[in-house]
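Reading through the structure tokens given below for one structure.
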Amino acid sequence: MGMVLLALAGCGQVQENQARVKVEDTYAQASGVKLPLPTTMPGGYQLKRIWSVASIYDGNGDLQSIARSAEFTGPSGTVRVCTEIIDIPGDLCPDSNVGITRDDKKNGLRRTVYIDSPTPDTDVEAVWGNVKYSASPSDWGWLG
């Protein structure tokens, strides 16, 4: 595969009217993993920030994202959705603390959902476990 260098991309807050630009800018920073996000936003949630967790320079010197993450704020606190390449050692995404981990073996990706400080009555699986995901921003109806 050639020389591999790890590079962490910056992240920033997302204002509602700038969400599409932020997603497009984040994706333009490196090719590679495109973060699948909900096609319809769970009630009361909004995108807070999106970033490339880790990227590598491939053998051609091109920057390739190997993990991406997004945070959403809403009624159950901050929710982080993270997708990484399964075969990369080292778990770049946090383990799910609410039991939502999905492997997409066809594409070689693992998606996890993590929530900051869930309360005992928070049914994150009911809200975040059954949403439909897509890696294409044109499928995200909430993006505007």
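The values are calculated or read from the model by the stated rules, or taken from the named source; none is laboratory data. Keep in mind it's a predicted model, so treat the numbers as computed, not measured. Each accessible area value is taken on the protein alone, full model and side chains, heavy atoms only, with ligands, DNA and RNA left out. Shrake-Rupley method; radii C 1.70, N 1.55, O 1.52, S 1.80 Å.
Points worth noting:
- Extension reserve of the Asp103-Asp91 stretch, reckoned as 0.36 nm per residue once the Cα distance is removed: 3.0 nm
- Separation between Cα centres of the range 83-101 and the range 126-144, rounded to whole Å: 19
- Carbon + sulfur, % of accessible area of the range 33-144 - ligands and nucleic acids excluded, 1.4 Å: 46
- Global geometry of the range 69-144, whether rounded, prolate or oblate, following the gyration tensor of its Cα atoms and the 1.5 cut on a/c: oblate
- Legend: residues Ile66, Ile88, sorted from most to least accessible area (1.4 Å probe; ligands, DNA and RNA excluded), read Ile88, Ile66.
- In terms of its C-alpha gyration tensor, the range 20-110 comes out oblate, because a/c is 1.5 or above while a/b does not outweigh b/c.
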